[in-house]
Amino acid sequence: MDSLSALMQQPGMRLLVAVVLLLILAWLAGLLTRLVLLRIMRGIARRTAWQWDDALFQFGVFRWLARLVPALVIQFGIQLVPGMPPRIERLVGNLAMALMVFFVVKAVSRALSAVESLYRETPVGGQRPIKGLIQLAKLVLFIISALLIIGMITDKRVGLLLSGLGAMSAVLILIFKDTILGFVAGVQLSSNDMLRVGDWITMPGAGADGDVIDITLYTVKVRNFDNTIVTVPTWKLIAESYQNWRGMVDSGGRRIKRALYLDASSVHFLASDELARLQRFRLLGDYLDGKHSELVRWNSQLGEAGEQPFNRRRLTNLGTFRAYVSGYLQQHPKIHHEMTCMVRQLASSPQGVPLELYCFTATTAWAEYENIQGDIFDHLIALLPEFGLALYQQPSGQDMRAGLAASRTASAPAASDASAAAGH
């Protein structure tokens with residue numbers, strides 16, 4: 001006991017024991033605070049209908065606030081340690097203060113994340129995300145806290161550190177170039193409502209063709225339709241052009257703009273038997289009756305010149321087919337009838353005579369749109385022979401082989417007849 005008493009009388013041993021006791025007290029205070037505070041906040045979150053307390057608890061805001069207690073105990077308790085050198089006491093106090101600043105900043109950062117999470121669940125949050133602004137606020141917060149912590153540890157004024165950063169402004173602008181560009185682009189995208197989470201965008205230069213799943217300060221994530229993820233810098237959506245399909249989705253109709261390329265050699269005037277056959281088509285009844293009356297009046301005014309067929313106006317199979325397609329689209333139940341719907345003939349080309357369908361489906365769902373479009377063109381292609389029309393199709397290898405085989409078959413009897421004549 002005497003030796004222990006003598007040992008405790010030594011200043012170094014008293015200092016060591018006091019420091020150990022202070023650390024144990026700080027640890028116990030932190031543990032007790034976490035147990036009590038987290039239990040209380042968990043109970044409040046479960047009993048209330050508010051969402052913000054659940055979000056704060058989920059993102060660990062109270063856990064970081066509870067870590068302030070050990071730092072507070074060390075900061076104020078270090079002054080009570082006997083025999084502590086003033087320089088060490090000041091350094092430990094500054095470190096404890098720096099830790100408290102760090103814990104407060106982390107708590108505020110988690111609170112900002114909770115705010116962003118709650119905002120994202122609102123109807124407006126899906127249209128105007130604030131994730132980029134939250135990230136910028138966190139970045140500014142961490143920069144300020146880093147300056148404060150460095151100033152506390154080094155015992156320097158923050159103003160001196162800021163003056164040093166001002167001299168390095170060119171370097172800082174270079175380092176934070178993407179951050180500045182991303183922030184400016186994010187403000188423009190949000191204020192002008194140019195992009196939302198869930199929008200379908202197409203940006204060939206970046207390989208993006210899919211739905212926007214995330215908008216951050218630096219990047220915009222796009223999930224392509226093949227389930228690959230494309231990351232596009234935010235500033236690139238301002239500097240370069242891209243196509244946003246939101247207007248099409250909001251309108252409720254998706255455009256069909258496709259042409260049937262008809263063989264020009266199959267276009268001709270309709271004969272009387274062909275007209276009689278086409279009268280059976282329900283969609284052509286009114287058109288043929290009206291055209292017949294119009295042509296009779298027109299041709300009756302020609303006089304003697306009307307006796308020549310080439311002077312008279314006559315119906316063509318192509319014009320009649322165009323009228324049929326127009327009527328077919330007008331009565332189709334899956335075509336949007338409040339939007340533009342027309343059938344037009346484009347300029348002839350080496351591929352034939354293009355007959356283009358320009359209309360909108362009554363749905364924007366991709367699979368349904370393709371099915372409707374496919375059904376329409378299946379029907380029209382199968383119906384072309386009824387009008388005496390044919391699709392233009394470039395000769396394939398099989399066509400060439402069939403033609404050569406036919407020519408050989410035709411030339412074989414001719415050669416036999418020539419041999420027989422030579423024998424006589």
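The values are calculated or read from the model by the stated rules, or taken from the named source; none is laboratory data. Bear in mind that the values here come from a model prediction, so they are computed numbers and not experimental data. In this analysis, Cβ positions are derived from the backbone assuming ideal geometry, glycine residues included, and neighbour counts consider all displayed protein chains.
Among what's in segment 344-382 and is in contact with an Asp or Glu (Cβ under 7 Å, 6 or more places away or on another chain) and outside any loop (DSSP other than H, G, I, E, B), pick the residue that is farthest from Trp200 (Cα to Cα). Walk me through how you get there before you give the answer.
As a first pass, look at segment 344-382 and keep what is in contact with an Asp or Glu (Cβ under 7 Å, 6 or more places away or on another chain): 344, 346, 352.
If we keep only those that are outside any loop (DSSP other than H, G, I, E, B) too, we end up with 344, 352.
Values: Arg344: 30, Gly352: 35 Å.
Ranking the candidates gives Gly352 first.
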Quick check: is even one residue across segment 284-301 assigned to a loop (DSSP other than H, G, I, E, B), in contact (Cβ under 8 Å) with a residue 40 or more places away in the chain and surrounded by 14 or more Cβ atoms within 10 Å (Cβ to Cβ)?
no
Options Arg258, Arg280, Arg254; residue that is basic (Lys, Arg) and buried (at least 17 other Cβ atoms within 10 Å of the Cβ):
Arg254
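Of these, Leu195, Leu217, which one is over 11 Å from the mean Cα position of the chain (by Cα), surrounded by 18 or more Cβ atoms within 10 Å (Cβ to Cβ) and in a loop (DSSP other than H, G, I, E, B)?
Numbers: Leu195 fails: over 11 Å from the mean Cα position of the chain (by Cα).
Leu217 is the lone residue from the list that is over 11 Å from the mean Cα position of the chain (by Cα), surrounded by 18 or more Cβ atoms within 10 Å (Cβ to Cβ) and in a loop (DSSP other than H, G, I, E, B).
Is segment 109-126 home to any residue that is closer than 27 Å to Ile150 by Cβ, modelled with pLDDT of 80 or more, part of a helix (DSSP H, G or I) and among the β-branched types (Val, Ile, Thr)?
Filtering segment 109-126 down to residues closer than 27 Å to Ile150 by Cβ leaves 109-113.
Pick out the ones that are also modelled with pLDDT of 80 or more and you get 109-113.
Those left that are additionally part of a helix (DSSP H, G or I): 109-113.
Next, only the ones that are among the β-branched types (Val, Ile, Thr) stay: none.
Among the residues of segment 109-126, not one is closer than 27 Å to Ile150 by Cβ, modelled with pLDDT of 80 or more, part of a helix (DSSP H, G or I) and among the β-branched types (Val, Ile, Thr), which makes the answer no.
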